[in-house]
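The structure appears right after this line, and notes come after that.
The values are calculated or read from the model by the stated rules, or taken from the named source; none is laboratory data. What you are looking at is a predicted structure, and each value in this text was computed from that prediction instead of being measured. Backbone-built Cβ (ideal geometry, glycine too); neighbour counts: all protein chains shown.
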Amino acid sequence: MHATPDRVLRPVVALDIDGTLGYYHEHFLTFAANWLQVGEKIPREWCDGTVPFWRLLGTSKATYRQIKLCYRQGGLKRSMPGRVGAAELSRAVRAAGAEVWVCTTRPYLRLDNIDPDTRFWLRNQGIQYDGVLFGENKYRDLAQLVGSGRVVAVLDDEPEQCERAQAAGLVPHLMKRTYNRPQRAWAEITNLRHAEWDFTEKVRLWRKERGV
């Protein structure tokens, strides 16, 4: 866990990276196709996430893990395409008077390049932030670090992580993608412009209720 806490108590918006702010799955599929030397035989679209990713690749789970490790070690996440509106979302939230915390499950303790690659990507995409948290328990750690009452919104594309955010007392929003349908128990965000409008309003209401 890496963090940059702020002494001034402000509302917090938590944003996931892979699949939420950036097109991780599409980028990884391109790398996997080249690694396996199968070209366009790998499907570019997948439905509701019921089929394991490694099966879609037509390979074993062990091979899939090897491909993923090569992808991470090669610094490929530095060149992952960002989603339209990612930088604008971060700036709007901060301009509204909130902190932006980037929360990712990337395993920074296992690979030395994860932290610098992540920060390079954020900087290159123009995404502003106040703190970065790594690890599977990113939302539990965030709640403990800043206080669950300060977190007005969490945005993630993984239903499992939305469940973990909810268990930590946070308010998750599911980034709508082809692989996480159908509608779950949380509010869906269709695009980052939608998130910008929704989250800045939540920040405004949080501040109004507390007179700040």
Practice task
Output yes when any residue across the range 186-194 is in contact with a Lys or Arg (Cβ under 8 Å, 6 or more places away or on another chain), charged (D, E, K, R), over 16 Å from E99 (Cα atoms) and touching a residue at least 40 places away in the same chain (Cβ under 8 Å), and no when none is.
Solution key: no
Handout entry: Search result, residues across the range 119-156 that are under 29 Å from E209 (Cα atoms) and of a type in the set (D, E, K, R)
Key = D130, K138, R140, D141, R150, D156
Completion exercise
Note on the range 165-212: residues farther than 22 Å from G85 by Cα and among the aliphatic types (A, V, I, L, M) are A165, A167, A168, L170, A185, L205, V212
Problem - Residue list for the range 69-87, restricted to those being surrounded by 16 or more Cβ atoms within 10 Å (Cβ to Cβ), charged (D, E, K, R) and in a helix (DSSP H, G or I) - result: R72, K77
Practice task
Name the one entry in L170, L155, L122, L205 that is part of a helix (DSSP H, G or I), surrounded by 14 or more Cβ atoms within 10 Å (Cβ to Cβ) and at pLDDT 95 or above.
Solution key: L122
